[in-house]
Amino acid sequence: MLHPHSLTAIATLLSLLLYLTFGFQVGRARSKSGIHAPAMSGDPILERALRVQANTLEWLPIYLVSLWLFAIYWGDIAATVLALVWIIGRLLYSRGYMADPGKREMGFMIQAAACAILLFGALGKAFYVLATAGG
Amino acid sequence: MLHPHSLTAIATLLSLLLYLTFGFQVGRARSKSGIHAPAMSGDPILERALRVQANTLEWLPIYLVSLWLFAIYWGDIAATVLALVWIIGRLLYSRGYMADPGKREMGFMIQAAACAILLFGALGKAFYVLATAGG
Amino acid sequence: MLHPHSLTAIATLLSLLLYLTFGFQVGRARSKSGIHAPAMSGDPILERALRVQANTLEWLPIYLVSLWLFAIYWGDIAATVLALVWIIGRLLYSRGYMADPGKREMGFMIQAAACAILLFGALGKAFYVLATAGG
């Protein structure tokens, strides 16, 4: 059994744990506001918590798939560093958004930058490998 | 060509088929209620069908990514058993929720427990591998 | 380092880029309509842009996971051809839906057909491998 990407695996699972806490945040906002599922609106804090979770879910396929292709093409450590940047960005995004929707920008830009480097880094290397080695 | 995870692959694809049926359930609820996309509310059965699909989608990244990391670290059979537990939990969740939102708890807890074992099982083994083999 | 699926990797990353543009489309619809997050309704163009993004997200786990299992079982080139069909279908779906919700059917059916071939193709081969090689 080979485990050439243990660090990327750990960073991935920690990212999923962070995402799980965004789900718990929705649950807490539901309890406080008394608005039960399937209702999705009616309280500003609940709506923010739902948007934090939904926006993170929207970016998860980009992040997770690009992260693993990047890890294959650029190695375990570079991928893990960018995963940690994504985690920090998402933490700031959630804290900012819950405090004030106008304060979500910085964390959002950090996670988006990490995703862009992962996606374009993997894409560039994949084209390079294809061009130099014939696939 | 190596196929060391054929069972996990089959369980994954069956999970995706189940998730597809939750999309068809939304389509049937739309037909019955006469509420066309992009409208997302206005009928309790449609709203429940949408929540079954949306909640399953919310958990799919956690489930699918943890399942495969678990399969790599713990083997094909253990991963497949937990995938079957997840499938049963999601089936009960959907049937319960469509009958009555208050009846969604048991199925939800079963799939959440399967996800927790997959996630923490993979995370624990990844840390163990890193500590004992240096990555 | 082996890269037996460079083409599938490129097609995957291009699919994610297309999905990213559906997010930008939501941003443009928000600017034009002046409806800021977390509000999710109130303008027909914004609601269509949100549905294009949400429906694509709903299908991404089916598409991406089936695509890679198909690539492993059927090879890089067949998977890439189907990924390009999916991309064309999603482009038509988005353009059609933004023009008129009734015009989203053809693109939707094309991407759904690509996903069905990927999913059932991978599932069939996984069962075949299991039956003939014992896993």
Exercise for the section: Working only within region B:48-72, note down all residues that are open to solvent by less than 10 Å² (accessible area, probe 1.4 Å) and more than 7 Å from chain A (Cβ to nearest Cβ). Expected result: B:Ala49, B:Val52, B:Thr56, B:Leu60, B:Tyr63, B:Leu67, B:Ala71
Completion exercise
Inside region B:115-132, the number of residues satisfying the requirement of being farther than 28 Å from B:Ile87 by Cβ, facing chain A (nearest Cβ under 9 Å) and among the small types (Gly, Ala, Ser) is 0
Handout entry: Among residues of region A:14-57, those that are over 25 Å from B:Ala99 (Cβ atoms) and either assigned to a loop (DSSP other than H, G, I, E, B) or basic (Lys, Arg) (or both), counted
Key = 5
Practice task
Could you list all residues from region B:95-107 that are open to solvent by 50 Å² or more (accessible area, probe 1.4 Å) and part of a helix (DSSP H, G or I)?
Solution key: B:Arg95, B:Ala99, B:Gly102, B:Lys103, B:Arg104, B:Glu105, B:Met106
Fill in the blank from the handout: From the option list B:Ala122, B:Ala79, B:Ala114, B:Ala126, single residue qualifying as touching a residue at least 60 places away in the same chain (Cβ under 8 Å), buried (at least 20 other Cβ atoms within 10 Å of the Cβ), part of a helix (DSSP H, G or I) and not charged (D, E, K, R) is B:Ala79
Practice task
Determine which single condition B:Leu91 fails, assuming it passes every other condition in (1) in contact with a Ser or Thr (Cβ under 8 Å, 6 or more places away or on another chain); (2) under 23 Å from A:Gly27 (Cα atoms); (3) more than 13 Å from chain A (Cβ to nearest Cβ).
Solution key: (1)
Practice task
Tell me which of these C:Leu14 doesn't satisfy, since it passes every other one: (1) away from chain A (no Cβ under 14 Å); (2) open to solvent by 10 Å² or more (accessible area, probe 1.4 Å).
Solution key: (1)
Completion exercise
Among the residues of region C:22-44, the number that are within 29 Å of B:Leu20 (Cβ to Cβ) and touching a residue at least 12 places away in the same chain (Cβ under 8 Å) is 5
Practice task
Quick one: count up the residues across region B:22-34 that are surrounded by 16 or more Cβ atoms within 10 Å (Cβ to Cβ) and within 14 Å of chain C (Cβ to nearest Cβ).
Solution key: 5
Exercise for the section: Look at A:Gly75 and say whether it is modelled with pLDDT of 95 or more and more than 19 Å from the chain's Cα centre (by Cα). Expected result: yes
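The values are calculated or read from the model by the stated rules, or taken from the named source; none is laboratory data. This is a predicted model, so every value here is computed, not measured. Neighbour counts run over all protein chains shown; Cβ positions are idealised from the backbone, glycine included. Heavy atoms of the whole protein, side chains included, go into the accessibility calculation; ligands, DNA and RNA do not. Shrake-Rupley method; radii C 1.70, N 1.55, O 1.52, S 1.80 Å.
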